Amino acid sequence: MKKTLAAAAIVALATLGFAAAPAFATTPTASYDYDMDGAFTDSVGSSTLTAAPTCSSPAQSDLCNVSTNFGSDSNGNYFHWVTTQDNGGGVVLDTAAHLGATYSLYLKFAIEQAANDVNGNNCSTPEDNYSKLLDFRDQASDVGLYTSGCDPLFISTGYETGTAEIPLDDVVEIVISRDDSTGLVTFYLNYSNGYEESFVTDDSAGDFIPADQGSGSRIRLFQEDGTDGTAEGIKAGRLYGMKAFADTALTIDQLDGLVTVNNDLAETGFDAGQSSALLGFGIAAIVAGVAVVVRRRRA
């Protein structure tokens, strides 16, 4: 908790203008970009996005999809997957070149009701109901990006959990930004008034640095690592889009171009305009304004 608050204070100070940043900065061009328009096509780079194989009498812990399809709705094009596997199904991203220890990742997705982690856990205790969104270490580490809870869900690392509620079946946009110069990973969510900071975590251990895969990097989406024997894969969902920014830690001022849906998520972070208003309340108020709940993942 102490490290989390210190990290939050650093980012809050930068947001308030102690680090020079324009009020409205242009979103840079992504290194890799998918819009799910009927196929896994990277429109700007040379990465590959591969769905888990179709299930055919696998062990329950194997990664595979029971069914997959591309479709579209009012929120855009999507890739849809369903699995019955404990470790999930989903997709794997392999980039042509290394993303680097400094990078950003944008995801637009929806977790379906059928994907809820109902492995005999009590939904009144969100810390007992984790499902893995992103695995950065190619199944070699239990650390990653999770949802916690039943309905609503919360974005979590398993050790720190943001307080923004994410209803099942709702389309969500999230940006993960890792800055290797500080060792901090910042998680932004598209709230009702645009992107705001959900929470910050100290990643000086490098758990969120994407694993090497050949000459590039690998990130697993909606797949559990399985290292601790728990069943935390996501069973069904829709992936509407994904962008990766190599060697670039996006700031909140650069996220306007990544807004495509008008979410009604509860606002628990603070944007650049709000944080300037907080300046008169001092550093203590700034730190208190970063809502972070510390939760320990189940063993």
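The values are calculated or read from the model by the stated rules, or taken from the named source; none is laboratory data. None of the values given here were measured: they were computed from a predicted structure. Note that we place each Cβ from the backbone using ideal geometry, even for glycine, and neighbour counts take in every protein chain shown. Accessible surface areas use protein heavy atoms only, side chains included; no ligands, DNA or RNA. Shrake-Rupley method; radii C 1.70, N 1.55, O 1.52, S 1.80 Å.
Descriptive notes on the structure:
- Note on Thr163 and Ser56: with the Förster distance fixed at 35 Å, the Cβ-Cβ geometry gives a FRET efficiency of about 0.25.
- Calculated FRET efficiency for the pair Asp256/Asp180, C-beta based, R₀ 30 Å, to 0.05: 0.75
- Heavy atoms of Arg137 accessible to a 1.4 Å probe, total area in Å² rounded to 10: 80
- In this structure, the amide hydrogen of Val66, modeled 1.01 Å from its nitrogen in the peptide plane, lies closer than 5 angstrom to those of Cys55, Val82, Thr83, Thr84, counting only residues at least 5 positions away or on a different chain.
- Stretchable slack from Glu112 to Asn69, in nm (0.36 nm times residue separation minus alpha-carbon distance): 14.0 nm
- Peptide ranges 102-109, 179-186 listed from the most packed, as the mean C-beta count within 10 angstrom indicates: 102-109, 179-186
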